[in-house]
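Visitor: Can you read through this structure? Questions will come right after.
The values are calculated or read from the model by the stated rules, or taken from the named source; none is laboratory data. Predicted model only: the values in this text are computed from it and were never measured. Virtual Cβ from ideal backbone geometry, glycine too; neighbours counted across all protein chains shown.
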Amino acid sequence: MKTRLVWNFEIDSDNLLNLQNLSDLRDEIRWESRYFWPADTLICLQGLDQRFLLLSNYTIKHRQDCYSLLADENFNIKHRRMQLLYKPLLQATNSLCGYGKKIALADYPSDAILPGTKALDAPTLLAKIEKSAKEIQVAKEALVYKLPSEPTIKLELARLVINQKVYFSACVEGRSKTLVSTIAKHLLGEQVSCDYIRFLKQTFALR
C-alpha cells in the first residue's frame, strides 16, 4: 500500500525493511548513496512502515549553499556560513561515494596535499576556484531520519531550489558501506545514484 509522505515522496509498506538488526563495523569514511529527480516525478520509497509518516520523527534542516564547480575536476566545494568547504571523495563505487571530513580550505596547512586530489595543496586549489569556478546556488529544505542502526545511518529527503527550478533528492548516508548500500537498494531498487557535483554539472551543462 502506497501512502504520501511529504512533497513528492511516498512510501510503500510492502516488503518492509528489517530495522531490528542493522549493525556493522564502523568505517573511517562516510558513505553516501544520493539520488535526484525533477519536480514532476513521484518517488516511492519501498519497505518503510508507518513510523516514517510522522514528520515529528525527522530533524528539519535548511541550507543555503553556493557550489563552486570546476570544469576539469569533480571536487565537492561549497560556500557555507562564510567558509569555503571542500569535502574530499576518498573512495567510490558505481552507486556509493565515500567522503572524508569537510575541510575549511582557508585553514588547511598550505604545504599539505589535500586528500582526494592528485597532488593539490590548498593555495593551488583556491587559485583554481578564484580563476575558473562556476557558482551554483542551492537552497535545500531537508527532513532527516536517523535509523536505529549501529553505526547510525540517516535517510535524508530534500526539496531543492536551483536556478528557480525545483528538484527532489534522497540520500542514505553513514559510516558503513554495507548498510548504506543495503538500505539504499531496498528503498530505491535499481534507481541510479548520482553525487551532487555530477548532478549539477549534468543538469546545468557545466562540463
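Results for (1) touching a strand residue (DSSP E or B) at 6+ places or on another chain (Cβ under 8 Å); (2) more than 17 Å from residue 35 (Cα to Cα), shown as yes or no for each residue.
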site: 128; (1), (2): no, yes
site: 132; (1), (2): no, yes
site: 147; (1), (2): yes, yes
site: 151; (1), (2): yes, yes
site: 171; (1), (2): yes, no
site: 181; (1), (2): yes, no
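Visitor: Residues in the stretch 17-40: is at least one within 21 Å of residue 191 (Cβ to Cβ), loosely packed, with under 12 Cβ neighbours inside 10 Å, modelled with pLDDT of 95 or more and not hydroxyl-bearing (Ser, Thr, Tyr)?
Guide: The answer is yes; a qualifying residue exists.
Visitor: Now for a separate question. Return the total of residues in the stretch 1-19 being of a type outside the set (Phe, Trp, Tyr), out of contact with any helix residue (DSSP H, G or I) (no Cβ under 7 Å at 6 or more places or on another chain), touching a residue at least 12 places away in the same chain (Cβ under 8 Å) and under 25 Å from residue 177 (Cβ atoms).
Guide: 3
Visitor: Give the residue, chosen from 102, 87, that is in contact with a Lys or Arg (Cβ under 9 Å, 6 or more places away or on another chain), surrounded by fewer than 19 Cβ atoms within 10 Å (Cβ to Cβ) and either at pLDDT 95 or above or on the phi > 0 side of the Ramachandran plot (or both).
Guide: Just one listed residue meets the conditions, 102.
Visitor: Scanning for something outside any strand (DSSP E or B), of a type in the set (Val, Ile, Thr) and more than 12 Å from the chain's Cα centre (by Cα), does the stretch 153-170 turn up at least one residue?
Guide: Checking the stretch 153-170: not a single residue is outside any strand (DSSP E or B), of a type in the set (Val, Ile, Thr) and more than 12 Å from the chain's Cα centre (by Cα).
Visitor: For a quick check of your reading of the model, give me the residue pairs whose first member lies in the stretch 51-72 and is without any contact (Cβ under 8 Å) to a residue 40 or more places away in the chain, whose second is loosely packed, with under 14 Cβ neighbours inside 10 Å, with beta-carbon atoms closer than 9 Å and at least 6 apart or on different chains.
Guide: 51/57; 72/132
Visitor: Another question, then. Go over the candidates 190, 173, 156 one by one and state the one that is among the charged types (D, E, K, R) and at pLDDT below 95.
Guide: Exactly one of 190, 173, 156 is among the charged types (D, E, K, R) and at pLDDT below 95, namely 190.
Visitor: Let me ask another. Only one of (1) in a loop (DSSP other than H, G, I, E, B); (2) among the charged types (D, E, K, R); (3) within 23 Å of residue 138 (Cβ to Cβ) is not met by residue 34, so which one is it?
Guide: (1)
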